[in-house]
Amino acid sequence: MFYNLPIIKPIEYASRNLKPVEKQNIHLFCVKTNPDEIHPIPSSSEPLKDDMVYLFINDVLRKIFLWVGTTASPRSKFVGAHSAAIIQRKTGITYRVENIDQEHESSDFRQTVSVFEA
């Protein structure tokens with residue numbers, strides 16, 4: 001349905017004069033088992049937990065990353081997908097949801113997380 005949306009790759013930042021990814025451009029949420037509750041997490045460099053599901057919203061890339069730990073419960077995965085869809089509806093169709101499984105992270109996701117490690 002949205003096949004013609006432009007995909008911005010990290011290498012294109014300089015050529016398109018996009019602002020760099022910084023902490024204020026990224027929002028991090030922890031997903032619990034209640035679909036009505038997602039908890040914002042302040043900027044930290046703590047490692048992601050294997051049994052949790054997290055949502056990263058990158059305003060520069062216009063992506064919502066749904067990160068799923070290897071031992072996350074099926075209920076947490078479902079609630080995370082539902083929460084990502086709700087956030088996408090609120091932010092508009094310009095934001096894409098990208099599912100990320102632990103140990104299979106994309107380069108865009110690694111760049112997003114690296115902001116917190118600095």
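Every read-out reported here was derived from the displayed coordinates using simple, explicitly stated rules and does not represent laboratory data. Just so we're clear, the structure is a prediction, and the values are computed from it rather than from any experiment. All Cβ positions, even for glycine, are placed from backbone atoms using ideal geometry, and neighbour counts span all protein chains on display.
Which of the residues spanning region 98-110 are within 18 Å of Asn25 (Cα to Cα) and surrounded by 15 or more Cβ atoms within 10 Å (Cβ to Cβ)?
First, the residues of region 98-110 that are within 18 Å of Asn25 (Cα to Cα): 98, 107-110.
If the condition is that a residue be within 18 Å of Asn25 (Cα to Cα) and surrounded by 15 or more Cβ atoms within 10 Å (Cβ to Cβ), then Glu98, Asp108, Phe109 are the ones that fit.
Please work out which residue is nearest to Tyr95 (Cα to Cα), limiting yourself to region 45-78 and to residues that are polar (S, T, N, Q) and over 15 Å from the mean Cα position of the chain (by Cα). Lay out the reasoning, then the answer.
First, the residues of region 45-78 that are polar (S, T, N, Q): 45, 58, 70-71, 73, 76.
From what's left, over 15 Å from the mean Cα position of the chain (by Cα): 45, 70-71, 73, 76.
On the way: Ser45: 25, Thr70: 25, Thr71: 27, Ser73: 26, Ser76: 22 Å.
Selected residue: Ser76.
Report, by residue number, each residue of region 65-81 that is under 11 Å from Phe109 (Cβ atoms) and among the aliphatic types (A, V, I, L, M). First the steps, then the outcome.
At the first step, the residues of region 65-81 found to be under 11 Å from Phe109 (Cβ atoms) are 65-67.
Correct list: Leu66 only.
Do you know which of the residues in region 45-94 that are part of a strand (DSSP E or B) and not aromatic (Phe, Trp, Tyr) is surrounded by the most Cβ atoms within 10 Å (Cβ to Cβ)?
Val53
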